[in-house]
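Inspection log for the structure reproduced underneath, given as structure tokens.
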Amino acid sequence: MGRRGGGAAPPAWRGGGTGTLPFPERGADPADRADGAALTTAPRPAPRRPAPGRASRPSPGRGAPVPTVGVEEEFLLVVPGAGRAVPYGPEVIGRAAGRFAPGRIQAELFPTQVETASVPCTALPDLRADLARLRRGIAAAAREEGCLPVACGTAVLAAAAEVDVTDDPRYRRMVHRFGPIARGQAEGVCGLHVHVGIEDRDEAVQVGNGLRPWLPVLEALAANSPFRHGLDAGYASTRALVWGRWPGTGPAPLFASAKAYDDLVDALVDSGMLLDRRMVYWHARLSERYPTVEVRVADSNDDLDTVVLVAALVRGLCATLLAEVRAGRTAPAVPGELLRAAHWRAARDGLAGLGLDPLACRLRPAGDLLEDLVRRARPGLEAAGDHRAVAALLAGVLRRGGGAVRQRAAFDRRGDLRDVVRALAESTDAAEPADGAETAAGG
């Protein structure tokens, strides 16, 4: 059944106040830092609420607590040279797991995939350093198994033979219940998930309401999957189309409270449409494991600058919206179908074309919508000290072009999709930031 509170108690949050992606401490792992956290099996602590009578603030302002941010990245494993996906995930995870704390390297639906999870961070340079360390770790483990990790939304070239799902009871149940929807994911599609720490679930729901009109812009920014199984699908994000076949995907409804959220999720699980509460695949959701808002619209990206930029924008926007929630402001009630249209347009055009502005109900250049997003998130960005870093990162991404543009450019040089995979693998494995962005992130 889908009820919260049934069965084992959820892991409690301990450590850095508002946080995300908590992991046990071990050795020299970055989780040992002060902004780390740990899991316990105690009941979840009571949510923190604003003190009665505290003055409301429409923006975070100087000195306001900065929510932590964490990132989950999904990677495909490919054969060097041939570029085809290979099911070496269990072996790569086995080799990489010893380098990191438990839970930091994880399996995914298909054994052609590997997922990493950052520690919760307050400063962007710390997040970048942790993500780079994770990438180096899985790259080293993959090379020992004769493959390479690629951060891309879809498999550019299919595996040489059909790949079964990962040998896991939950994944087997998903295939049994959803059949062709699960098998149609074929080697897996890879996303970039951003967690922002918000402990009060009612506030988190209201922040999720406010995120809805801005998530298509983030999808366009991160679009990085024009090719799948040897074909150009004509979209910047083919992952969005394939992933969208699952029930429970798409824009989240508007919710009045955390109870309304939970009641709907419980009903969807009880109906059988969702296997469990973890199958809530809305573009923004409340995490079932951590006290976070989780944004799930982005393709996996080989370019680390894009990953850090998306994370910074999500955190900045959430911080801005949280301040407005506490000031009593409500989110605009944008119709779900209009949001679906905006997400479809973002998946088709990415940054290279037009986007649908769901607030103005008209098409506009995607770059203009991105500028609007930065302005909307500016109070939260400034509170975290991220505004200058975001400006530098965004300038670099726009200069190089979005992921879909770069992939097509790599193909156009010789008309060989193996060149696309090679470029993705090299970029994924590049530990150093492009264009001095790490310096910018510190400024």
Length-normalised contact order of the stretch 301-365, Cα under 8 Å, at least 6 apart, in percent, tallies to 18
Magnitude of the Cβ-charge dipole (Lys and Arg +1, Asp and Glu -1) of the stretch 375-421 about the Cα centre, nearest 20 debye, reported as 120
Residue-ordered couplings for the stretch 95-105, obtained by feeding phi - 60° into the Karplus form 6.51 cos²θ - 1.76 cosθ + 1.60 and rounding to whole Hz (Gly and Pro as x), are 6, 7, 4, x, 8, 9, 5, x, x, 7, 10
Residue separation between Asp276 and Arg172 times 0.36 nm, minus their alpha-carbon distance, gives in nm 36.1 nm
Full extension between Ala391 and Ala260 adds, at 0.36 nm per residue less the Cα distance, a length in nm of 43.4 nm
Applied in sequence order to the stretch 72-83, the curve 6.51 cos²θ - 1.76 cosθ + 1.60 (Karplus, θ = phi - 60°) yields integer Hz couplings, x standing for Gly and Pro, of 10, 10, 10, 10, 9, 9, 10, 7, x, x, 5, x
So, relative contact order of the stretch 213-355 in percent, Cα under 8 Å, 6 or more apart, is 40
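All of the numbers you see were taken from the coordinates with simple rules; none came from a lab. None of these values were measured; they are calculated from a predicted model. Positions of Cβ are backbone-derived with ideal geometry, glycine not excepted, and every protein chain shown enters the neighbour counts.
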